[in-house]
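A short write-up of the structure that comes next.
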2 protein chains.
Amino acid sequence: MEILLSAAAAKALSPQLAGIDNITTVLFQDDGTLTRNGETVTRDEIAPKATWLSLDVLLSKRVFDFVELLMALPSLEWLQSSAAGFDHPLFAELAKKGIRLTNSDAQAVAIAEYIMGAVLTEFQKVEERRKHQQNKEWQSAYFREIAGTTWMIVGIGNIGNETAKRAKAFGAHIIGVKRNGESPEADETIRPAQMKARLGEADIVVFTSPLNAETHHMGNADYFAAMKPGTVFVNVGRGGLVDEDALLAALDKGTPALALLDVFETEPLPTTSPLWSHENVRVTPHASPKSDGTPKRIAALFLENLTRFADGKALKNEVNASDILAGR
Amino acid sequence: MEILLSAAAAKALSPQLAGIDNITTVLFQDDGTLTRNGETVTRDEIAPKATWLSLDVLLSKRVFDFVELLMALPSLEWLQSSAAGFDHPLFAELAKKGIRLTNSDAQAVAIAEYIMGAVLTEFQKVEERRKHQQNKEWQSAYFREIAGTTWMIVGIGNIGNETAKRAKAFGAHIIGVKRNGESPEADETIRPAQMKARLGEADIVVFTSPLNAETHHMGNADYFAAMKPGTVFVNVGRGGLVDEDALLAALDKGTPALALLDVFETEPLPTTSPLWSHENVRVTPHASPKSDGTPKRIAALFLENLTRFADGKALKNEVNASDILAGR
C-alpha cells in the first residue's frame, strides 16, 4: 500500500514504518515536489490510499498546496489530521469525495499547558519581573493567584478538560459550557443558552469551541459587556469565534481586561491588525499546539490508525462526514 | 489584652479584631513609631502579649527594627510569623527568651503558583513570544511540555506538596526528598542520602528546604555536576542552600541549564552580584509568597491563633523552641 507523508514526517516515523509490512511512502518535499524511493514522481504516477496532514505541513503555508494535491488524488481513501477541527471548507470537499477523515486529540495537552502558562505569565506580571532584573531592582508587586478563581471553558472537550484538570489542581472552580452531555473535569456543566447569565462570575473565559454557524462571532459586543472587570479572555479555538472589532472596543471599555489570543479571523494575522500593538492583547501565532509532545502523540495516533486501516479495522477519532458537510 | 501589629495589618484586620473582646492594639507605624488609640507611645508604655510579623513588615527592611523592638518587650509571650522558616538568628534569641513562635503555611499556595509560572514561562519562551509580537512577526518555536517531565522536590513539605499537586496534574512524575516520613503528593519519597544518585533523572529540581547545618550549601559543585543537560533548577527555600559561586560556574558548564532563583545568600541581592545579569538566571526578589491570597490566609491563621491564645488553647503551627535553638 502506498501512503503520502511530508518528508519531515516520514523521517520522524521511519523506524516505526519499517516495522509495518508492504508500505511504500511517497514524500511531499519542502518545495512541493513528490519523491518515491529517492526519485521524483508526478502526481499521476502515485496512488496513495492514506495520508497524514502532519503538524509541519498543517502549521505552514504549504498546507494549501498539500490539500490541493489531496483533492487531485482519486486513490485517496483516508486522511489523518493533526488538528481537532474540520471547519476549513477544503475538508468538506474531501468529505464530499468520500475520503474518510480522522481528527486528533494529541494537541490537547499542549494547548492546556499553553493556557496555564499564558494566564500565569499575566497574573505574575512576568514582563515586569524581567525588567526589574534587567535594572537590578529588588522590587515586586503582589501577584494574582489562580487559587479561588472561576473559569468558564466554552466548548469544553478534550482541550477544555485537560485545561480544567490543571486549573482545578490550582484550586479554581470550573464551569464547562457544552451543547450536550457532561464534562468529566468541570465542577459544573451548563448549556450555551445559560452562558451569558453566568458570564459575570468568571475570572477567566476560555474559548475552545469548534467554528460553525452557531459559534461564529459568539464573542461579540454583548458578550464582552457581560464580563466583570478584571476578566481574562483566552481564545485557542478559532479566530472566527470572535468579532475582533467588538473585542478591541470591549478591551478599551475594560471587559475583558486582557485578551490572550492564539487564533485569528485571518491567519497569519495581518501586520495592519491593531491587535498586534494593543497593550492588553497578547498575540501568539496559532502556537498553542506546538509543543515537543504533540508531534509524538500525533505520530502514535497516525501509526495506530495506519495499522487499523491496513487491517480493515475501525479508525480512532473518525469524524462523521455529514457533520462536516453540515458545518457542525 | 494588648497586641502589637503593623499599622497596615491592623487596618486590614480591623473588622475582625472588633469582634474579639478586650483587645487593645498598639500600632507599629511605617516610620517605626508606636501609637495606641491615636496617640504616640514609647516602648516602655506598652505591654503587648502577642504580635504578628505580618507580610508587609517581613518583606521590608523594617523587619529588623520590628524584631529589635520585640527583643525589648518583656511582656511578649507569642509571635505569629508569616513565613515557614525560623532560621534567622533573631528567632533563636526570641525562643531563648521563652517567646512562643508559630509559623505559617499560608504562603505555600502562592509559592507553588510562582514555581509553576516560572517554569512554564521558560518552557514556553514567553520573552521570545513578546518580542515576536512587538515586531509583528508570525513566528514561534516548538515549546517544551511539563507533561512527562520528572521533578525532584527537595525538602518536600507544605510548599513542595502544593507544587507536586499542580505538576502532577500536568502529567509530571514527582520524586520528593524528605528526612522522615512520606510526602502525601509525591509519586515516591526518598531520603537525602539517595538524592544524588537519582538527580540525573530530574528535569526540574526544586529546593524548598529549611536552612540549617545539614542543608547549608547543599547545592554545590558536585551536586550541580550530577544533573543532566537541560535541567531547570528552582530555589524558593533559602539562599544559603546554594553555593552561589558554584552555581554560576555550573551554569557556565550547562547543568543546570537554567536557574530560577527567588532567594539569595544576601538579600536584597547586591547589585554587584553576577546573578543579576547571567543570561541563564532569573532573579525575583523573594517574591514567591507575595500573592493576593497569601495575606488573607495568614490573617485568617493569625486571627484563629489569637482567639486560641486568648482562650488559653493550643496554638496552630507552634514550633518547638529546642528545634530553633538547635538550628534544625
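The values are calculated or read from the model by the stated rules, or taken from the named source; none is laboratory data. Note that the structure is predicted; figures quoted are calculated from it, not measured. All Cβ positions, glycine included, derive from the backbone under ideal geometry; neighbour counts span all protein chains shown.
Before moving on, here are some points about what is shown:
- Boolean, B:LEU248 is aliphatic (A, V, I, L, M) and either surrounded by fewer than 18 Cβ atoms within 10 Å (Cβ to Cβ) or touching a Pro at 6+ places or on another chain (Cβ under 8 Å) (or both): yes
- Scanning segment A:258-311 for residues that are of a type in the set (A, V, I, L, M), within 27 Å of A:ALA225 (Cβ to Cβ) and more than 8 Å from chain B (Cβ to nearest Cβ) yields A:LEU258, A:ALA259, A:LEU260, A:LEU261, A:VAL263, A:LEU275, A:VAL281.
- Across segment A:133-145, the number of residues qualifying as modelled with pLDDT of 95 or more, more than 18 Å from B:GLU128 (Cβ to Cβ) and either more than 7 Å from chain B (Cβ to nearest Cβ) or within 15 Å of the chain's Cα centre (by Cα) (or both) comes to 2.
- For segment B:20-39, the set of residues classified as farther than 18 Å from B:GLU77 by Cβ and surrounded by 11 or more Cβ atoms within 10 Å (Cβ to Cβ) consists of B:LEU27, B:GLN29, B:ASP30, B:GLY32, B:THR33, B:LEU34, B:THR35, B:ARG36, listed by residue number.
- Any hit, segment B:297-319, residues being within 30 Å of B:GLU127 (Cβ to Cβ) and either in the same structural domain as B:PHE91 (by TED's automatic domain parsing) or not hydrophobic (A, V, I, L, M, F, W, C) (or both): no
- Meets criteria (over 30 Å from A:SER277 (Cβ atoms), of a type outside the set (Ser, Thr, Tyr), at pLDDT below 95 and within 23 Å of the chain's Cα centre (by Cα)) for B:ALA213: yes
- Within segment B:100-132, if we keep just the residues that are in contact with a Pro (Cβ under 7 Å, 6 or more places away or on another chain) and more than 10 Å from chain A (Cβ to nearest Cβ), the residue that is farthest from A:ALA167 (Cα to Cα) turns out to be B:GLN107.
- Checked against (1) within 22 Å of the chain's Cα centre (by Cα); (2) more than 14 Å from chain A (Cβ to nearest Cβ); (3) assigned to a helix (DSSP H, G or I), B:ASP252 meets all criteria but (1).
- Cβ-Cβ under 6 Å pairs, at least 6 apart or on other chains, segment B:281-298 side of a type in the set (Ser, Thr, Tyr), far side not in a loop (DSSP other than H, G, I, E, B): B:THR284/A:ARG129; B:SER288/B:ILE111; B:SER288/B:TYR114; B:SER291/A:PHE143; B:SER291/B:ALA110; B:THR294/B:ALA110
- Inside segment B:162-196, residues that are within 12 Å of chain A (Cβ to nearest Cβ) and under 21 Å from the mean Cα position of the chain (by Cα) make up a count of 7.
- Scanning segment B:42-61 for residues that are among the charged types (D, E, K, R) and either touching a strand residue (DSSP E or B) at 6+ places or on another chain (Cβ under 8 Å) or in a helix (DSSP H, G or I) (or both) yields B:ARG43, B:ASP44, B:GLU45, B:LYS49, B:ASP56.
- The lone exception for B:PRO274 - which of (1) assigned to a helix (DSSP H, G or I); (2) within 28 Å of A:GLN133 (Cα to Cα); (3) more than 22 Å from the chain's Cα centre (by Cα) it fails: (1)
- Residues of segment B:26-51 satisfying the condition of being touching a residue at least 40 places away in the same chain (Cβ under 8 Å), touching a Phe, Trp or Tyr at 6+ places or on another chain (Cβ under 9 Å) and under 15 Å from B:GLU68 (Cβ atoms): B:PHE28, B:THR51
- Restricted to strands (runs of 3 or more DSSP E) entirely inside segment A:72-190, those with at least 3 residues that are touching a residue at least 12 places away in the same chain (Cβ under 8 Å) and surrounded by 17 or more Cβ atoms within 10 Å (Cβ to Cβ) are A:78-80, A:100-102, A:150-154, A:173-177.
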